[in-house]
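Single-structure report; data block below.
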Amino acid sequence: MIDKLLPAPVVTAEAFRDAPLSEMFPEERALVADAVPKRQLEFGTVRGCARSALSRLGFAPAPLLPGGDRAPQWPDGVVGAMTHCTGYRAAAVARRRDVLTVGLDAEPNEPVNDPGVIDLVTLPEERAQLRGLAALQPEVSWDRLIFSAKESVYKAWYPLTRRWLGFEDALLTFDPTDATFTARLLVPGPVVNGEELKEFTGGWLLGEGLVVTAIAVKA
């Protein structure tokens with residue numbers, strides 16, 4: 001699905017079922033040795049997706065380990081993102097000379113049961129927008145979609161800044177006609193090509209019971 005959301009320089013891979021633990025590298029298995037089996041499987045499968053995508057860029061299989069900030073350590077000259085939720089794992093990678101950063105997230109297309117969570121992750125303007133969108137397209141779980149989009153924004157933001165970005169630090173607007181969204185940064189953005197980046201734009205889609213969002217900033 002995600003190949004529909006990202007431009008051609010970005011290579012993607014996805015899985016709807018988990019790969020055997022034996023396909024993980026020993027270094028990866030060691031990191032989740034004490035985790036529950038579900039966590040081990042999703043950790044390994046999403047890295048298998050990333051390796052599959054990297055192979056199409058010419059990279060040999062290798063362990064994909066988190067750094068001290070828990071962000072994935074990609075090969076030199078590569079940017080990428082990974083996501084996993086129930087029944088779905090995916091990764092997107094690109095060469096840095098083509099794409100500066102990638103954000104990717106998937107969530108079940110189901111309402112968030114706790115209203116307090118929505119209050120935590122959205123701004124008042126966003127909540128007003130979501131009410132209108134829900135009346136227009138009730139088949140979309142807009143509360144999940146905005147959470148997913150903000151996760152994609154953070155994943156695109158962090159490699160450029162190495163700084164935290166809170167849910168309240170970006171104001172999202174959705175265009176339901178072309179399934180896109182814009183995230184206007186409410187804090188100083190990273191400097192890209194000599195100019196401050198003030199917003200991210202991305203796309204979203206529904207499929208297989210999921211909402212998926214993605215962002216790519218071309219070089």
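Applying a DSSP loop filter and a limit of 13 other Cβ atoms within 10 Å to the trypsin sites (Lys or Arg not before Pro) in segment 178-219 leaves LYS198. Ligands, DNA and RNA left out, the accessible area of the chain computed with a 1.4 Å probe is 53% carbon and sulfur.
Straightening the chain between ARG163 and ALA30 buys 45.1 nm, computed as 0.36 nm per residue apart minus the Cα-Cα spacing. For segment 121-219, the set of chymotrypsin sites (Phe, Trp or Tyr not before Pro) satisfying both a DSSP loop assignment and a count of at most 11 other C-beta atoms within 10 Å is given as TRP164.
Quick check: convex hull of the Cα atoms in segment 116-219, volume per residue, rounded to a whole Å³? Kindly include the intermediate steps, with their values, before the conclusion.
Values: hull volume 11.0 nm³, N = 104.
In segment 116-219, the Cα convex hull volume per residue is 106 Å³.
Obtain the nm distance between the two label points defined at LYS4 and GLU110 by a simple spin-label model: each point lies 7 Å from its Cα along the Cα-to-C-beta direction. Taking the two extended label points, one gets 2.2 nm. Local charge for LEU104 was computed over the other residues whose Cβ lies under 12 Å away, with Lys and Arg +1 and Asp and Glu -1, and equals -3. Each Lys and Arg adds +1 at its Cβ and each Asp and Glu adds -1 at its Cβ; summed about the Cα centre, segment 68-144 shows a dipole of about 360 debye.
Relative to its residue count, the chain spans a Cα convex hull of 127 Å³ per residue. Residues whose amide H comes within less than 5 Å of that of LEU186, counting only those at least five positions distant or on another chain, are ALA170, LEU171 (H built at 1.01 Å from N in the peptide plane).
Could you tally the net charge around PHE167, taking each other residue with its Cβ under 11 Å from the Cβ of PHE167, Lys/Arg +1 and Asp/Glu -1? Summing Lys/Arg as +1 and Asp/Glu as -1 gives -4. Spin-label model, ALA128/GLN73: points 7 Å from Cα along the beta carbon direction are separated by 4.7 nm. Residue ranges 45-52, 116-123, 132-139 sort as 45-52, 116-123, 132-139 when ordered by packing (mean number of other C-beta atoms within 10 Å per residue, highest first). In the context of the full set of protein chains, residues of the chain present 50 Å² of accessible surface per residue (probe radius 1.4 Å, heavy atoms only). Across q = 0.13, 0.17, 0.20, 0.24 Å⁻¹, segment 119-162 modelled as identical point scatterers on its alpha-carbon atoms has Debye log10 I(q)/I(0) values of -0.34, -0.53, -0.67, -0.83, in the order of the q list. Here's the picture: charge each Lys and Arg Cβ at +1 and each Asp and Glu Cβ at -1 in segment 68-200, and of LEU120, ALA183, HIS84 the one pushed furthest to the positive end of that dipole is HIS84. Note on the chain: dipole from Cβ charges, positive end direction compared against LEU172, ALA219, VAL36; the farthest Cα belongs to ALA219.
Note that segment 163-171 has calculated 3J(HN,Hα) couplings of 10, 5, 10, x, 4, 7, 9, 9, 9 Hz, one per residue in order, obtained from phi through the Karplus relation 6.51 cos²θ - 1.76 cosθ + 1.60 (θ = phi - 60°); glycine and proline are x.
Length available on full extension from LEU57 to ALA19: 0.36 nm per residue minus the Cα-Cα distance, which gives 11.5 nm. Each residue of segment 81-87 was assigned a 3J(HN,Hα) from its phi angle through the Karplus curve 6.51 cos²θ - 1.76 cosθ + 1.60 (θ = phi - 60°); the sequence is 8, 10, 8, 8, 8, 4, x Hz, with glycine and proline shown as x.
The values are calculated or read from the model by the stated rules, or taken from the named source; none is laboratory data. Because the structure is a prediction, the values reported are computed rather than measured. Here Cβ is always computed from backbone atoms with ideal geometry, including for glycine, and neighbour counts include all displayed protein chains. Please note that ligands, DNA and RNA were not included when accessible areas were found on the heavy atoms of the full protein model with its side chains. Shrake-Rupley method; radii C 1.70, N 1.55, O 1.52, S 1.80 Å.
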